[in-house]
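*Asks:* Here it is, the structure in full.
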Amino acid sequence: MTKTIFEPASQIPVFDEADILVVGGGPAGTAAAISAARNGARVILSERYGYLGGQVTGGHVSMIPNIDNGTGVQITGILQEWMDRLGKLPDGLYGPSKKDAGSSDPELIKQWSGYMGTVWNNKICYGTYVDPELLKIVLNDMVEESNVIVYFHCWAAKAYMEDGQLKGVFFESKEGRKAVLAKVIIDATGEGDIFASAGAEFDDSIDPAIRNSNLSLCFRIANIDHKKYLNYIKDNRQDWAEKMNQILKMAGFRMALIPSNRNDNVWVNNWTFGKNGMKVKDLTFVEIEVRKQIVKVIEFLNKEMPGYENGYLMDVAPQIGVRYSRRLKGLYQISFDDLKQGKTYDDVVAITPAQHVFNAPGEEIPMQIPYRALVPEKLDNLIAAGRCLSADVYAHNWINLIPPCTAIGEAAGAAAYVAVNSNIQPRNADVKTVQNILKKQGFYLP
Ligand SMILES: Cc1cc2nc3c(=O)[nH]c(=O)nc-3n(C[C@H](O)[C@H](O)[C@H](O)COP(=O)(O)OP(=O)(O)OC[C@H]3O[C@@H](n4cnc5c(N)ncnc54)[C@H](O)[C@@H]3O)c2cc1C
């Protein structure tokens with residue numbers, strides 16, 4: 001049995017109060033905070049690290065695929081605003097132009113083949129490769145301009161409950177333990193830290209066979225020539241596959257060299273099998289084990305991989321890559337069958353174009369997210385946003401991508417505003433009003 005000790009009770013200072021507290025500044029949390037604040041709510045966004053963007057910036061997961069495939073279904077709103085702002089910065093992003101979504105122009109297809117997520121069935125999909133550091137700056141600007149109050153370096157430790165109702169969150173910081181109180185709390189921690197500690201039901205099961213079950217620690221290689229590398233693959237696919245296999249054998253886990261916003265660097269995605277993002281020992285293992293392999297892998301690439309002759313380690317992501325963890329048990333749980341069948345909902349609050357990235361379910365079918373998948377059955381005052389929404393393990397494998405998570409966040413923010421403004425529980429928020437607000441924000445809904 002685990003040895004335990006007693007933690008004495010103590011008075012905790014209330015650091016701040018708001019209409020809406022968003023915990024976690026990833027794609028979902030940042031979009032939620034902006035969306036709620038632009039409607040006039042007093043919004044606090046708290047983040048354990050010192051920047052926004054979650055996995056996209058801190059995890060170096062800078063490929064944002066499948067935003068618009070030219071069928072009319074597209075992710076717009078706050079995600080499109082990221083792109084518009086990044087597009088104005090030098091090398092802020094790289095990818096096909098939105099106006100070319102759906103095009104079969106052979107020149108465009110030739111140009112973008114080799115950039116995962118941008119070509120499907122001989123058609124252009126609008127998706128981008130973004131600069132993580134510039135995105136951090138863009139997101140800071142967006143929250144500041146929207147009057148979101150941001151608190152960095154605040155690690156949400158526990159839900160604060162009064163008479164069984166969620167009323168706030170305790171944070172650990174260099175100032176010690178403090179609390180933030182709010183009428184509605186949006187859990188955008190990815191891991192569902194808030195709803196779990198508040199006692200909401202959740203599912204953290206995983207199938208080790210799926211992509212999402214693996215942890216990773218991404219790193220970037222600079223001073224390479226990605227176009228040279230792509231040309232080599234085109235004419236030497238077998239040779240390339242053998243080299244990637246050698247890397248797998250050498251490192252002990254799979255790696256992929258993914259393009260970035262610039263031709264001279266890539267991010268290296270990787271998949272460490274059988275580790276759990278909620279376990280301290282597993283997280284520690286991945287931090288150490290992946291780093292152990294990096295030097296060997298880059299030396300191999302320098303010698304063997306055309307385009308990588310002069311490559312060097314640019315940096316290692318400050319944030320470990322966790323793809324799955326706790327998923328809320330909401331009023332509705334999205335299933336893999338729902339996605340495959342293209343299920344539609346009256347309470348749809350986000351939609352993502354047909355999944356064209358990884359041969360996912362319903363390759364030609366858009367995926368809808370119902371509002372009920374964001375609200376717990378019993379716990380009051382909470383909305384879950386992003387990858388901790390209510391979905392089965394196989395549906396989650398596809399819904400957790402950056403575009404849907406950002407859209408879900410924007411919807412959660414609008415819904416939280418409606419709940420606060422009408423003084424009702426989030427689960428009772430009028431979805432038609434939420435949908436209308438989202439449409440006014442330029443958000444695509446069917
Ligand atoms: C290695 C890897 C590769 C991927 N590749 C792609 C890809 O190529 N394209 C794609 O679209 N998607 C990809 N994904 C998926 C995608 O990045 C995530 O699912 C997406 O970022 C989820 O957004 P989110 O806001 O829900 O969560 P996250 O991005 O995880 O953000 C959660 C935020 O909450 C903060 N937080 C967590 N706990 C606390 C706490 N207790 N207190 C305060 N703050 C907290 C975190 O620091 C973080 O900022 C990948 C994921 C991984 C891990």
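The values are calculated or read from the model by the stated rules, or taken from the named source; none is laboratory data. Treat the numbers as computed from the prediction; the structure is a model and nothing was measured. Here Cβ is always computed from backbone atoms with ideal geometry, including for glycine, and neighbour counts include all displayed protein chains. These accessible areas exclude ligands, DNA and RNA; they are computed on the full protein's heavy atoms, side chains included. Shrake-Rupley method; radii C 1.70, N 1.55, O 1.52, S 1.80 Å.
*Asks:* Among all the lysines, which ones have a C-alpha under 17 Å from residue 440's C-alpha, if same-chain residues fewer than 8 places away are not counted?
*Replies:* Excluding near neighbours in sequence, the set is 432.
*Asks:* Beyond a 32 Å Cα-Cα separation, which of these cross-linked pairs lie in this structure: 110/439; 136/279; 136/281?
*Replies:* Beyond 32 Å between Cα atoms: 110/439.
*Asks:* Grab the Cα-Cα distance for residue 423 and residue 245, subtract it from 0.36 nm times how many residues apart they are, and report the gain in nm with one decimal. Provide the component values of the computation, followed by the final result.
*Replies:* Details: separation 178, 0.36 × 178 = 64.08 nm, distance 5.74 nm.
Length difference between fully extended and current span is 58.3 nm.
*Asks:* Probe radius 1.4 Å, ligands and nucleic acids left out: which of 314, 305 has the largest accessible area, and how do the rest follow?
*Replies:* Solvent-accessible surface, decreasing: 314, 305.
*Asks:* Would you work out the charge dipole size for segment 215-316 about its Cα centre, treating the Cβ of every Lys and Arg as +1 and the Cβ of every Asp and Glu as -1, and quote it to the nearest 20 debye?
*Replies:* Working: 16 positive and 12 negative charges, 54 e Å.
Using only the charged Cβ atoms, the result is roughly 260 debye.
*Asks:* Per-residue counts of other Cβ atoms within 10 Å, averaged by peptide: what ranking do you get for 235-242, 189-196, 409-416, highest first?
*Replies:* With the highest mean Cβ count within 10 Å placed first, the list reads 409-416, 189-196, 235-242.
*Asks:* Between residue 111 and residue 84, what's the calculated FRET efficiency when r is the beta-carbon distance and R0 is 30 Å? Round to 0.05. Don't skip to the end; give the middle numbers.
*Replies:* Values: r = 22 Å, r/R0 = 0.72.
Using R0 = 30 Å, I get an efficiency of 0.90.
*Asks:* Still on this structure, please answer the following. What distance in nm separates the two pseudo spin-label positions at residue 9 and residue 222, each 7 Å out from Cα along the beta-carbon direction?
*Replies:* A separation of 5.4 nm, rounded to one decimal place.
*Asks:* Also: What percent do you get for the relative contact order of segment 111-232 when only Cα pairs under 8 Å and 6+ apart count?
*Replies:* Reported relative contact order: 13 percent.
*Asks:* Which residues among segment 80-104 fall inside the zone where the amide N is under 19 Å from a point 7 Å beyond the Cα of residue 71, along Cα→Cβ?
*Replies:* Once the point is set 7 Å along Cα→Cβ of residue 71, 98-104 turn out to lie under 19 Å by backbone N, inside segment 80-104.
*Asks:* Computed FRET efficiency, Cβ-Cβ of residue 231 and residue 300, R0 22 Å: what is it to the nearest 0.05? Please list the in-between numbers first.
*Replies:* Details: r = 20 Å, r/R0 = 0.90.
Calculated value: 0.65.
*Asks:* Continuing with this model, one more query. Nearest 20 debye, what's the magnitude of the dipole of segment 56-205 about its Cα centre given +1 on Lys and Arg Cβ and -1 on Asp and Glu Cβ? It would help to have the intermediate numbers written out before the result.
*Replies:* Details: 13 positive and 22 negative charges, 39 e Å.
That gives a dipole near 180 debye.
*Asks:* Solvent-accessible area per residue for segment 94-162 at a 1.4 Å probe radius, Å²?
*Replies:* Values: 3360 Å² over 69 residues.
Heavy-atom accessible area per residue stands at 49 Å².
*Asks:* Ok, one more. Hey, with R₀ at 30 Å, roughly what FRET efficiency would residue 209 and residue 238 work out to, going by the Cβ-Cβ distance, to 0.05?
*Replies:* The value I calculate is 0.70.
*Asks:* Could you estimate the translational diffusion coefficient of segment 215-316 from the Stokes-Einstein equation, with Rh from the Kirkwood formula over C-alpha pairs, at 37 °C and 0.692 mPa s, in whole µm²/s?
*Replies:* Result for D is 234 µm²/s.
*Asks:* With the full set of protein chains in place, find how many percent of the accessible area of the chain is carbon and sulfur; take the probe as 1.4 Å.
*Replies:* The computed percentage sits at 51.
*Asks:* Next question, about the same structure. Towards the positive end of the charge dipole of the chain, with charges on Cβ (+1 Lys, Arg; -1 Asp, Glu), say which of 325, 198, 67 has the farthest Cα.
*Replies:* Towards the positive end, the residue furthest out is 325.
*Asks:* Moving to a separate point now. Counting Lys and Arg as +1 and Asp and Glu as -1, each charge on the Cβ, what is the dipole of the chain about the Cα centre in debye, to the nearest 20?
*Replies:* In debye, rounded to 20, the chain gives about 520.
*Asks:* Take the Cα radius of gyration of the chain and divide it by 2.2 N^0.38 Å, with N its residue count; two decimals is plenty.
*Replies:* 0.96
*Asks:* Using alpha carbons only, how many angstrom separate the centre of segment 1-73 from the centre of segment 322-336?
*Replies:* 17 Å
*Asks:* Over its Cα atoms, what ratio of radius of gyration to 2.2 N^0.38 Å does segment 346-446 give?
*Replies:* Rounded to two decimals, the normalised Rg is 1.06.
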